[in-house]
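Beneath this line is the structure, given in structure tokens, with notes to follow.
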Ligand code: UD1
Ligand code: CA
């Protein structure tokens, strides 16, 4: 049997008024990734699986997010937001090509899995014209209710239009639907807007299917997979569900999480073997952690690649563009950004390493700062291998420090230091009498002595 072709239409044109934000709703992140991106990654993919996304006018950022994850997708703009059925029809051109299965999903239900899309398609093979994803809601307020006669789905009633009796129904519409692709347009074109909001509701497809003498069925899933996000409270709930999933997946893959509930991961975090993450660590998008690495408590890591057998933190901040070679050590109160630290580099205390490259086995003393910004632009610091930077040194970029070079503590380095050279650059210390007298004078004036 040949595989059935599919078109998935993802609706992402809503303003998301209830988020009270200037950012389009579908771009708000869960586990470091926009809501919409989660949906696009779960949607059927591959040959015979087309994707269309319906976006709002002036939502270039949404378009860019689509391009990034599913470059082959077509996007359609829905100019007036007249409801979910109206939004689907914005993609008419794609639907008219007539895939076997037409799937419709919402950009604001990020917890859905690829498997659920497949489950929903199954009834179409057996002749159903429409399959609706349903779930039992703990609090069904706001969701469309599935009206059943026995185990037959007869209609979906939106909350605003539901009677008090209907509002007691907890079986709800998740928003994901699968249509027989060849009948879909005929069905959706018949949807009107005779409801309290004067919107074209996709949910009305159910009663139309019934009136055409065709079959509509429900496939049930858990609430945690289909939480729709309309406001910030729901966004936080979805984050909680996603974090629980990511922690479980990490534990299952062999990562040691001492207090999993205190560790925040991103959807794209990758781990090698025997990685340990101590309590209270936050990992943002784009992080890979290799075998044997230990991330100590209170570290914050975004867009960084962490080599094997490294040690990070406690209290380390690895910012975008950080790359740590095998065996590197980043200690407490160290910040890195756009920095490549080769194998065995040590930055153990209180340093800022930005726009820098550091060769293998170099030791960076406490309090070393790469002065990468001169108030106008950013400059680079390059340090060779086996070098030693003494404590509290300021490396004023652009500057190169050679292999095996030694910088004396407290230096302000403004000129390149050749290989194997010794550089000490600090003002000579002056010693005079009168320290105690000055302190006494200040105390009598009620001031604290200044250093
Ligand atoms: C919708 C369903 C409801 C279901 C719930 C599940 C309808 C009419 N209602 O309600 O039955 O229980 O989802 O979460 O389908 N959108 C557009 N253009 C529009 C309107 C909406 O693109 O003109 C998009 C939104 O961006 C969003 C999705 O469609 O991603 C759903 O719209 P939303 O307004 O959130 O619908 P709900 O009221 O949540
Ligand atoms: Ca919604």
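The values are calculated or read from the model by the stated rules, or taken from the named source; none is laboratory data. As the structure is a computational prediction, the values presented were derived from the model and not from experiment. Glycine also receives a Cβ, built like all others from the backbone with ideal geometry; neighbour counts cover every protein chain displayed.
Within region 182-216, the residues that satisfy the criterion of being under 35 Å from the mean Cα position of the chain (by Cα), away from ligand 1 (no atom under 11 Å from the Cβ) and buried (at least 21 other Cβ atoms within 10 Å of the Cβ) are 184, 188. What do you reckon, is residue 280 at positive phi, in a loop (DSSP other than H, G, I, E, B), modelled with pLDDT of 95 or more and in contact with a helix residue (DSSP H, G or I) (Cβ under 7 Å, 6 or more places away or on another chain)? Yes. Flag not set for residue 404, criterion: part of a loop (DSSP other than H, G, I, E, B), without any contact (Cβ under 8 Å) to a residue 12 or more places away in the chain and surrounded by fewer than 18 Cβ atoms within 10 Å (Cβ to Cβ).
Here's the yes/no breakdown for (1) more than 28 Å from residue 63 (Cα to Cα); (2) at pLDDT below 95; (3) in contact with a helix residue (DSSP H, G or I) (Cβ under 8 Å, 6 or more places away or on another chain); (4) within 16 Å of ligand 2 (Cβ to nearest atom):
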{"site": "95", "(1), (2), (3), (4)": "no, no, yes, no"}
{"site": "105", "(1), (2), (3), (4)": "no, no, yes, yes"}
{"site": "110", "(1), (2), (3), (4)": "no, no, yes, yes"}
{"site": "116", "(1), (2), (3), (4)": "no, no, yes, no"}
{"site": "119", "(1), (2), (3), (4)": "yes, no, no, no"}
{"site": "129", "(1), (2), (3), (4)": "yes, no, yes, no"}
{"site": "172", "(1), (2), (3), (4)": "yes, no, no, yes"}
{"site": "190", "(1), (2), (3), (4)": "yes, no, yes, no"}
{"site": "200", "(1), (2), (3), (4)": "no, no, yes, yes"}
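Residues in region 217-236 that are farther than 21 Å from residue 178 by Cα and away from ligand 1 (no atom under 13 Å from the Cβ): 232, 233, 236. State all residues of region 230-245 that are within 13 Å of ligand 2 (Cβ to nearest atom) and in contact with a strand residue (DSSP E or B) (Cβ under 8 Å, 6 or more places away or on another chain); if no residue qualifies, say none. 235, 238 - these are the residues of region 230-245 that are within 13 Å of ligand 2 (Cβ to nearest atom) and in contact with a strand residue (DSSP E or B) (Cβ under 8 Å, 6 or more places away or on another chain). Looking only at residues in region 13-28 that are at pLDDT 95 or above and within 11 Å of ligand 2 (Cβ to nearest atom), the one that is farthest from residue 41 (Cα to Cα) is 18.
Conditions tested, residue by residue: (1) over 32 Å from the mean Cα position of the chain (by Cα); (2) without any contact (Cβ under 8 Å) to a residue 24 or more places away in the chain; (3) buried (at least 17 other Cβ atoms within 10 Å of the Cβ).
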residue: 342; (1), (2), (3): no, no, yes
residue: 348; (1), (2), (3): no, yes, no
residue: 355; (1), (2), (3): no, no, yes
residue: 364; (1), (2), (3): yes, no, yes
residue: 367; (1), (2), (3): yes, no, yes
residue: 372; (1), (2), (3): no, no, yes
residue: 375; (1), (2), (3): no, yes, no
residue: 381; (1), (2), (3): no, no, yes
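Close Cβ contacts (under 7 Å, 6 or more residues apart or on different chains) running from residues in region 74-92 that are at positive phi and within 15 Å of ligand 2 (Cβ to nearest atom) to residues that are at pLDDT 95 or above and assigned to a loop (DSSP other than H, G, I, E, B) comprise 83/193; 83/199; 83/200; 83/201. The residue list 62, 53, 10 contains one member that is in contact (Cβ under 8 Å) with a residue 24 or more places away in the chain, outside any strand (DSSP E or B) and touching a strand residue (DSSP E or B) at 6+ places or on another chain (Cβ under 9 Å), which is 62. Note on region 13-50: among residues that are assigned to a loop (DSSP other than H, G, I, E, B) and within 13 Å of the chain's Cα centre (by Cα), the one that is farthest from residue 241 (Cα to Cα) is 28.
Can you tell me which residue among 51, 36 is more than 30 Å from residue 194 (Cβ to Cβ), at pLDDT 95 or above, surrounded by 17 or more Cβ atoms within 10 Å (Cβ to Cβ) and within 16 Å of ligand 2 (Cβ to nearest atom)? So the residue among 51, 36 that is more than 30 Å from residue 194 (Cβ to Cβ), at pLDDT 95 or above, surrounded by 17 or more Cβ atoms within 10 Å (Cβ to Cβ) and within 16 Å of ligand 2 (Cβ to nearest atom) is 36. In region 131-140, the residue that is farthest from residue 225 (Cα to Cα) out of those that are part of a strand (DSSP E or B) and within 16 Å of ligand 2 (Cβ to nearest atom) is 132. Number of residues in region 199-227 that are closer than 16 Å to residue 159 by Cα and without any contact (Cβ under 8 Å) to a residue 24 or more places away in the chain: the value is 0. Considered as a group, the residues in region 141-159 that are assigned to a loop (DSSP other than H, G, I, E, B) and near ligand 1 (Cβ under 8 Å from one of its atoms) include one that is surrounded by the most Cβ atoms within 10 Å (Cβ to Cβ), and that residue is 144. Residue count for region 83-107 satisfying the condition of being near ligand 1 (Cβ under 10 Å from one of its atoms) and assigned to a loop (DSSP other than H, G, I, E, B): 3.
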